[in-house]
Amino acid sequence: MGSPETAVLVTSDWHYGKQTASYGPQTFRSRFESLGERLIQFRDRHLGGKHLDKLIVLILGDVCDGGGIYPTQPHHQEITDPQEQAWQLSGVTSAWLGKQREAWGEVEVFAVPGNHGRAGKHAHENTNFDVVFYRYLQGQAKEHGVSVNLNTADYFLQKAQIRGHHYLLYHGDRIYGTSGIPWYGVQNRLLRWNTSDSLGPIDVLCMGHFHALAHWRVNRVQVLATGTMVTDDQWALTTLGFDSANQWWLFGVSDKHPITWQYGLDLA
Ligand SMILES: [Mn+2]
């Protein structure tokens, strides 16, 4: 056994409630359950030689598809009531976390909301159905021995410390691309935040929003952009020209390195 490591699963953009030709709430539930089983299989088959002390699950927003986000949204939803999306998800997710805790011994969640859960232009920024889901989940996951960490001072960003390294968790919706390419904007923002007193230092930015899978580094600073559960998703294709990436990052953290290895787990 090598030095101890922590495993981190980077989830985002569940869009629960949304419906496409090949995606809906039932599909989400079966894919999520399958992912949970394959996560444990992956650990046993490929990480068997490592001493993993726990699993950390990051939930980076757009978990609820929301309501009223764009005018024709109800035509693309099976569940149009965002409160119902949040409530159903809390039951599914707390049971899933309970199973993971049985397998890993210790499981912890860090969560930030996305842009799809917003309650409306004039509602308080914290009135976001992702936050409602996280609040429901906090109570239910506690019964399974899993804590859910939220930044209640400013829900939209959160810093997590794992083995002494600094992770900035952020959905990504207020970063704008150049010529439709988001990565320059992400890098520019990250380098500014890294040198700010409020958010620096940062070793790794973990984000979602763009429904794309990416990993790159600028000197010692790294970015992990994680994908979406949605398939046949027109958003990334028509807005950015990308097929949605249906993978979520799983990575390891050691005392020495903020990312020791990373693997894209298939979602569909
Ligand atoms: Mn999204």
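No value in this document is a laboratory result; all are computed from the given coordinates. Bear in mind the structure is a predicted one, so any value in this text is a computation, not a measurement. Virtual Cβ from ideal backbone geometry, glycine too; neighbours counted across all protein chains shown.
Per-structure values
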item: Kirkwood estimate for segment 197-252, i.e. one over the average of 1/r between Cα atoms, Å; result: 12.4 Å
item: For segment 214-268 and segment 155-209, distance of Cα centres in Å; result: 14 Å
item: Whole-Hz couplings from phi, Karplus 6.51/-1.76/1.60, listed for segment 100-105; x for Gly and Pro; result: 5, 5, 4, 7, 9, x
item: Listed peptides 206-213, 252-259 by packing density, highest first (mean Cβ within 10 Å); result: 206-213, 252-259
item: Centre separation in Å (Cα based) which lies between segment 107-134 and segment 39-90; result: 13 Å
item: Zero-based 10 Å bins, Cα pair distances in segment 1-75, whole percents; result: 16, 37, 25, 15, 6, 1
item: Antiparallel content of DSSP bridges confined to the chain, in %, to 5; result: 55 percent
item: Residue-averaged 222 nm ellipticity for the chain, from DSSP H runs of 4+ at -39500 (n - 2.57), nearest 500; result: -9500 deg cm²/dmol
item: Estimated dipole of segment 119-181 in Debye, rounded to 20 [Cβ of Lys and Arg +1, of Asp and Glu -1, Cα centre]; result: 120 debye
item: Taking the C-alpha atoms of segment 85-135, convex hull volume expressed per residue in Å³; result: 73 Å³
item: Relative contact order, percent, the chain [alpha-carbon distance under 8 Å, six or more residues apart]; result: 22 percent
item: Coarse-grained scattering of segment 91-205 at q = 0.11, 0.12, 0.13 Å⁻¹, given as base-10 log I(q)/I(0) from a Debye sum over alpha-carbon atoms; result: -0.45, -0.54, -0.62
item: GNM top mover of W248, W96, W193 - the chain, alpha-carbon springs below 10 Å; result: W193
item: Overall form of segment 35-83 per C-alpha gyration tensor (a/c, 1.5; a/b vs b/c); result: prolate
item: In sequence order, calculated HN-Hα J values of segment 208-217 (Karplus, 6.51, -1.76, 1.60; Hz; x Gly/Pro); result: x, 6, 8, 6, 10, 9, 8, 9, 8, 10
item: Residues with amide H under 5 Å from that of F242, placed H, sequence gap 5 or more; result: L237
item: Spatial extent of segment 138-268: Rg and Dmax, with the Cα atoms as the point set, Å; result: 15.5, 47
item: Pairwise label distance in nanometres, K121 with S22, each label 7 Å out on the Cα-Cβ vector; result: 3.7 nm
item: Principal semi-axes in Å for segment 1-150 [√(5λ), Cα gyration tensor, largest first]; result: 30, 17, 12
item: Rg to Rh, two decimals, where the chain supplies the alpha carbon set and Rh follows Kirkwood; result: 0.94
item: Packing rank of 157-163, 79-85, where each peptide gets the mean count of other beta carbons within 10 Å, highest leading; result: 79-85, 157-163
